[in-house]
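The values are calculated or read from the model by the stated rules, or taken from the named source; none is laboratory data. Since the model is a prediction, treat every value here as computed from it, not as a measurement. Cβ: placed from backbone, ideal geometry, glycine included. Neighbour counts: every protein chain shown.
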Amino acid sequence: MTEYFGTLGPACADETILEEMFLNGMSGIRLNLSHTGLSESRSWISMFHEAARRTGKHGDLLIDMQGPELRIGTLNTPLSLKEGDIVETEKIPFSPEVLNVLSENDTVLLDDGKIELRVKDSALTVRRGGLLSSRKSVKILGRDIFMPAVTDQDQKNLSLAREMGVAAVMQPFVRGREDILALRKALKQNGCENLRVFSKIENRIGLSHLDEIISVSDMIVIARGDLGNDIPLPELPGVQKEIAGKCRAADVPFLVVTQMLSSMIHSPIPTRAEVSDIFNAITDGASAVMVTNETAIGEYPASVMKYLHDTGEAADTWRRRHETL
């Protein structure tokens, strides 16, 4: 049975909307802990569990950990970056880990690659602009910066996982089996070793160690946002199919996420390409599909869940029919 996940955010943090999302087929919801913490999200989580109770649904709460992902710090106000602008590095709150390795001609991607900068003469030239807000992701092309798999903030969140009714943990930027073993150790220390572990494949390192990651994971997440920053975009669909094939061969479920219904952030209906993407992911064997900004900040979160679920169900029907032929 396919699982359909939304992402919790201000657009759907309302019991009535969450109830409608459940009635439209939602299996559970993701909370991104890169931008908040479990303690700060108590009211949202309470709404989610109450909506599940009212609709008679189980309602899995997934927490997406901070993990080894690099992010900028806090900006007092969003920073507008326009193509051709020259920006001093001090204007963007990079972590010391990033500043210590930045070199001339490095390409820096921010916010899942939406913004692109080039290091030139100890400053940053904007090659692709946008509005930058706090805690957005940072990627230096061609550089791998070591960060611990489980951060202090992650430990703090895991200490509250049982109390908050968490069902699964998503580990970002998994580099190898040791990252998952570190997470499982932290789960055990916090009395929640029975939670499902979802391993996010988001870079070349994870791809190169995919077999060992699969062997210690409950679910593989094909996280196409950052993965699409680390490999050429035209190759991404093929890589998705390769990951799917390895998961099927190992009989380990996988989830596909990123921009599945991105147009519905502002549109009440999806594009034909988007429903085809969902359909193909499930007929390729995906056990779960997920939307992110579509329900977190989008204008039509309940409709998003209906299209996600209904397209997935159509794909499941097609798959079952063709398996019997």
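What the table shows:
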quantity	calculated
Residue check, residue 62 among the hydrophobic types (A, V, I, L, M, F, W, C) and closer than 30 Å to residue 103 by Cβ	no
Evaluation of residue 194 against (1) in a loop (DSSP other than H, G, I, E, B); (2) surrounded by 17 or more Cβ atoms within 10 Å (Cβ to Cβ) (one fails), failing number	(2)
Of the criteria (1) modelled with pLDDT under 95; (2) buried (at least 18 other Cβ atoms within 10 Å of the Cβ), which one residue 70 fails	(2)
Whichever residue in the range 18-52 is surrounded by 17 or more Cβ atoms within 10 Å (Cβ to Cβ) and of a type in the set (Val, Ile, Thr) and, among such residues, is nearest to residue 164 (Cα to Cα)	45
Out of 8, 18, sole residue that is touching a Phe, Trp or Tyr at 6+ places or on another chain (Cβ under 7 Å), free of Cβ contacts under 8 Å to residues at least 60 places away in the same chain and assigned by TED's automatic domain parsing to the domain that holds residue 163	18
Members of the range 254-272 found to be touching a residue at least 24 places away in the same chain (Cβ under 8 Å) and either of a type in the set (S, T, N, Q) or not in a strand (DSSP E or B) (or both), listed by number	258, 259, 260, 261, 262, 264, 265, 266, 267, 268, 269, 270
Count of residues meeting criterion [assigned to a strand (DSSP E or B) and under 16 Å from residue 217 (Cβ atoms)] in the range 153-191	5
Flag if residue 46 is over 21 Å from the mean Cα position of the chain (by Cα) and either in the same structural domain as residue 152 (by TED's automatic domain parsing) or within 21 Å of residue 187 (Cβ to Cβ) (or both)	yes
Pair list, Cβ < 6 Å and 6+ apart or interchain, from the range 240-253 residues that are within 17 Å of residue 204 (Cα to Cα) to residues that are charged (D, E, K, R)	244/284
All positions within the range 112-145 that are part of a strand (DSSP E or B), free of Cβ contacts under 8 Å to residues at least 60 places away in the same chain and of a type in the set (D, E, K, R)	116, 118, 120, 127, 128
Candidates 106, 154, 85, 121 - the one that is surrounded by fewer than 12 Cβ atoms within 10 Å (Cβ to Cβ) and farther than 21 Å from residue 291 by Cα	121
Residue 12, sole failed condition from (1) modelled with pLDDT of 95 or more; (2) surrounded by fewer than 20 Cβ atoms within 10 Å (Cβ to Cβ); (3) assigned to a loop (DSSP other than H, G, I, E, B)	(2)
Residue check, residue 92 touching a residue at least 60 places away in the same chain (Cβ under 8 Å), more than 30 Å from residue 49 (Cβ to Cβ) and crowded, with 20+ Cβ neighbours inside 10 Å	no
Output for the range 2-30, where each listed residue is under 23 Å from residue 314 (Cα atoms), more than 20 Å from the chain's Cα centre (by Cα) and of a type in the set (S, T, N, Q)	24
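For every residue, the table says whether it meets (1) more than 21 Å from residue 30 (Cα to Cα); (2) buried (at least 22 other Cβ atoms within 10 Å of the Cβ); (3) among the basic types (Lys, Arg); (4) in contact with a strand residue (DSSP E or B) (Cβ under 8 Å, 6 or more places away or on another chain).
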{"residue": "184", "(1), (2), (3), (4)": "no, no, yes, yes"}
{"residue": "212", "(1), (2), (3), (4)": "yes, no, no, no"}
{"residue": "220", "(1), (2), (3), (4)": "no, yes, no, yes"}
{"residue": "224", "(1), (2), (3), (4)": "no, yes, yes, yes"}
{"residue": "232", "(1), (2), (3), (4)": "yes, no, no, no"}
{"residue": "264", "(1), (2), (3), (4)": "no, yes, no, no"}
